[in-house]
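Structure first, then comments.
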Amino acid sequence: MRIGEFARRAGTTTRALRFYETQGLLTARRGANGYREYGEDDLRLVNEIQTLRTVGLTLEDTRPFVECLRAGHDSGDSCGDSIEVYRRKLAEVDACLERLGAVRAELAGKLGDALTRRDGFVDPCVVVGRA
């Protein structure tokens with residue numbers, strides 16, 4: 001199939017497909033007329049890339065998954081390099097959650113302190129007795 005149809009079926013743009021090609025993630029065959037030609041295997045690669053991108057992997061992170069599929073495996077995460085990407089990304093997410101937990105604890109403490117200081121304090125910005 002040519003690039004326009006392929007982009008429609010893959011749910012992406014021709015620009016994205018060309019970019020994947022320049023990054024070495026996708027290889028288009030060229031017809032006699034010079035047009036890019038793609039097959040069902042290419043569609044599978046692009047679907048794998050898009051799925052991985054939706055869970056936060058970078059385009060470079062998707063490379064081992066694409067290579068695993070190209071090697072003939074049933075899934076892109078059947079290879080050791082793909083598993084390592086999952087492990088690394090999971091460690092990054094865990095570190096981010098730990099940082100967010102610390103920020104949340106700090107904010108909760110500040111809120112508690114602020115509420116404690118405010119007990120018995122009348123806010124001058126609130127008009128009392130007006131209906």
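When you restrict to C-alpha pairs under 8 Å that are six or more residues apart and normalise by the size of the range 3-118, the relative contact order lands at 14 percent.
With contributions of -39500 (n - 2.57) from each DSSP H run of at least four residues, the per-residue ellipticity at 222 nm computed over the chain stands at -20000 deg cm²/dmol. Distances between every pair of Cα atoms in the range 3-118, grouped in 10 Å steps from 0 to the bin holding the largest one, split as 12, 33, 22, 13, 10, 7, 2, 0 percent. Apply 1/(1 + (r/R0)^6) to the Cβ-Cβ distance of Leu97 and Asn33, taking R0 = 41 Å, and write down the FRET efficiency to the nearest 0.05. E(calc), rounded to 0.05, equals 0.20. Asp94 sits among other residues whose Cβ lies under 15 Å from its own Cβ, and their net charge, with Lys and Arg +1 and Asp and Glu -1, is +2. Applying 0.36 nm per residue to the separation of Gln23 and Asp41 and subtracting their alpha-carbon distance, the gain on full extension is 4.7 nm.
Read the figures in this text as sums done on the coordinates, not as results from a lab. Here the structure is a predicted model, which is why all the values come from computation and not from measurement. All Cβ positions, glycine included, derive from the backbone under ideal geometry; neighbour counts span all protein chains shown.
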